[in-house]
1. Restricting to the range 217-226, and then to whatever is part of a helix (DSSP H, G or I) and touching a residue at least 24 places away in the same chain (Cβ under 8 Å), can you tell me which residue is most open to solvent (accessible area, probe 1.4 Å)?
2. Going through the range 31-46 one residue at a time, which ones are surrounded by fewer than 23 Cβ atoms within 10 Å (Cβ to Cβ) and either part of a loop (DSSP other than H, G, I, E, B) or within 9 Å of the ligand (Cβ to nearest atom) (or both)?
3. Considering Thr171, Thr135, Thr153, which residue is hydroxyl-bearing (Ser, Thr, Tyr) and open to solvent by 30 Å² or more (accessible area, probe 1.4 Å)?
4. Which count do you get for residues in the range 75-94 that are near the ligand (Cβ under 8 Å from one of its atoms) and free of Cβ contacts under 8 Å to residues at least 60 places away in the same chain?
5. Look at the range 1-21 and say how many of its residues are near the ligand (Cβ under 8 Å from one of its atoms) and free of Cβ contacts under 8 Å to residues at least 60 places away in the same chain.
6. Which number in (1) in a loop (DSSP other than H, G, I, E, B); (2) of a type outside the set (Val, Ile, Thr); (3) modelled with pLDDT of 95 or more; (4) near the ligand (Cβ under 8 Å from one of its atoms) marks the one condition that His28 misses?
7. With of a type in the set (Val, Ile, Thr) and open to solvent by 30 Å² or more (accessible area, probe 1.4 Å) as the only criterion, which of Ile124, Ile178, Ile108 stands out?
Amino acid sequence: TQQPVNVTVTGAAGQIGYALLFRIAAGHLLGPDVPVRLRLLEVPQAVKAAQGVALELDDSAFPLLAGIDIHDDATAAFDGANVALLVGARPRTAGMERGDLLSANGGIFGPQGAAINAGAADDIRVLVVGNPANTNAYIAAAAAPDVPKDRFTAMTRLDHNRALAQLSARTGAPVTEIERVTIWGNHSATQYPDLSHATIGGRPALEVVGDDAWVRDTFIPTVAKRGAAIIEARGASSAASAANAALDHVHTWVNGTPDGDWTSAGVVSDGSYGVPEGLISSFPVTVSGGVLTIVPGLEIDEFSRGRIDASVAELVEERDAVRALGLV
Ligand code: NAX
């Protein structure tokens, strides 16, 4: 029988944590044959709530769940971790300046990166969900000099899935027929959901849609502002869909992308598509043998160029701000 895979989840007592942990334990992260040991990291004041979640995990009698440890110390929580889902973050509160937000998160993701560097397993894969996700991943990677940079990723899979869903609703095509949708840039309102390479049943998606104005004026803003629409409707931010996207991200990272298709993920830039090297930006990526590769050589038209550049400019600003604050 296989050794359990150690999965560390931060922010375990939060709302995404509550939607995520039960599905990990049910095998939706790594598959139905892989036992998992959950390592929950929380701030001290939320440890009791995390213990409550652990009681419910116990009560689910998941056959694949090999154990649960609860920590308020990052070094212990990441020791031996194979997969790390960094969900807990400092949210922006009213009146908070960007510098304060980045500083507060630097104080979380710097030490967590250092703890990953110190003790995670050699095959560690890190997904940052907590916002600002791209820059938090950048900070964590910078604090982990001994871990290959390509093991740090930021989540744009929720945006990718939202794009699939919007395109499916518009065209009536099932999501399974839609391929090669891309989210570029930052996981923020500046992101660029790009249909210019997408296909539906093998046909160019833009041809099937046949309405550039819809793409520009409805599709792109609907995907980019979906988070706000969920808050407006639900009175709380996306949780189950975010958890689902985190599972999809890691599942794809481990199991690969289907032939001919790709996914979207925030990965360290190699300078492709004019994105400055080292930034964690969303790209179209394929996965084979557990390795993420930015899809090379796509043609970028003028509209796409402007949208990618605008989102990447925001990432550059965030990077410069965390540098100026001495966080990296
Ligand atoms: P919650 O506020 O419900 O939960 C966050 C949890 O993190 C809390 O229990 C808190 O105690 C914990 N936490 C804070 N600092 C911590 C630390 N240093 N170590 C360990 N735990 C810590 O937020 P939730 O709705 O679960 O969202 C979590 C994060 O995901 C937020 O930053 C949110 O903005 C981000 N999201 C990112 C998405 C993405 O697509 N990348 C989409 C969903 C979500 O908005």
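The values are calculated or read from the model by the stated rules, or taken from the named source; none is laboratory data. Predicted, not measured: the structure shown is a model, and the values here were computed from it. Positions of Cβ are backbone-derived with ideal geometry, glycine not excepted, and every protein chain shown enters the neighbour counts. Accessible surface is based on the protein model in full, side chains and every heavy atom, while ligands, DNA and RNA are left aside. Shrake-Rupley method; radii C 1.70, N 1.55, O 1.52, S 1.80 Å.
1. Taking the range 217-226 first, the residues part of a helix (DSSP H, G or I) are 217-224, 226.
Those still in the list that are touching a residue at least 24 places away in the same chain (Cβ under 8 Å) too: 219-220, 222-224, 226.
Details: Phe219: 2, Ile220: 4, Thr222: 45, Val223: 1, Ala224: 18, Arg226: 87 Å².
It comes out as Arg226.
2. Gly31, Pro32, Asp33, Val34, Pro35, Val43, Gln45, Ala46
3. On the way: Thr135 fails: open to solvent by 30 Å² or more (accessible area, probe 1.4 Å); Thr153 fails: open to solvent by 30 Å² or more (accessible area, probe 1.4 Å).
Being hydroxyl-bearing (Ser, Thr, Tyr) and open to solvent by 30 Å² or more (accessible area, probe 1.4 Å) holds for just one of Thr171, Thr135, Thr153, which is Thr171.
4. 2
5. So the answer is 1.
6. Exception for His28: condition (4).
7. Details: Ile124 fails: open to solvent by 30 Å² or more (accessible area, probe 1.4 Å); Ile178 fails: open to solvent by 30 Å² or more (accessible area, probe 1.4 Å).
Only one candidate qualifies: Ile108.
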